[in-house]
């Protein structure tokens with residue numbers, strides 16, 4: 001299950017529907033996963049109430065992929081989002097798909113600042129070990 005796990009915090013995002021709407025966030029995430037060439041198996045998104053009468057609430061969601069997952073949480077009261085992209089495969093290197101999905105999400109959110117970590121997960125395996 002060798003793969004690339006990208007974990008990012010997106011700061012100073014300009015106002016956008018997908019920061020405050022689970023429906024808009026679902027649409028963005030599923031379009032980005034498909035555009036990155038990933039296989040969607042399912043998804044779940046939830047809407048939160050605002051912290052007061054004038055503040056819109058955030059949204060959270062996850063897309064389950066044959067290649068692993070995309071998870072995202074938004075905080076419109078702070079103009080922030082947290083993003084978790086993990087793309088793996090036992091027989092192929094899908095890191096370019098992980099990077100493409102990450103970049104599509106960053107392009108949509110247009111953050112003023114990003115804190116990102118890339119974690120390589122899993123061990124390299126030979127074809128004989130995979131077949132065993």
Query raised in the report: Given the conditions (1) buried (at least 16 other Cβ atoms within 10 Å of the Cβ); (2) on the phi < 0 side of the Ramachandran plot, and given that residue 68 satisfies all but one, which numbered condition is not satisfied?
Result: (2)
Query raised in the report: How many residues does region 47-70 hold that are in a strand (DSSP E or B) and within 14 Å of residue 19 (Cα to Cα)?
Result: 4
Query raised in the report: If a residue has to be buried (at least 16 other Cβ atoms within 10 Å of the Cβ) and assigned to a loop (DSSP other than H, G, I, E, B) to count, how many in region 1-36 make the cut?
Result: 5
Query - Residues located in region 81-117, provided they are assigned to a strand (DSSP E or B), modelled with pLDDT of 95 or more and over 15 Å from residue 34 (Cα atoms) - result: 81, 82, 83, 84, 113, 114, 115, 116, 117
Report summary line: Within region 23-49, residues under 15 Å from residue 73 (Cβ atoms) and touching a helix residue (DSSP H, G or I) at 6+ places or on another chain (Cβ under 7 Å) come out as 24, 25, 28, 43, 45, 46, 47
**Report entry** Qualifying position, being farther than 23 Å from residue 115 by Cα and touching a residue at least 40 places away in the same chain (Cβ under 8 Å), among 35, 59, 66
**Finding:** 35
Report task. Go through (1) surrounded by fewer than 19 Cβ atoms within 10 Å (Cβ to Cβ); (2) more than 13 Å from the chain's Cα centre (by Cα) one by one and return the number of the condition residue 62 breaks. Result -> (2)
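The values are calculated or read from the model by the stated rules, or taken from the named source; none is laboratory data. Since the model is a prediction, treat every value here as computed from it, not as a measurement. Reconstructed Cβ throughout: ideal geometry from the backbone, glycine too, with neighbour counts over all protein chains shown.
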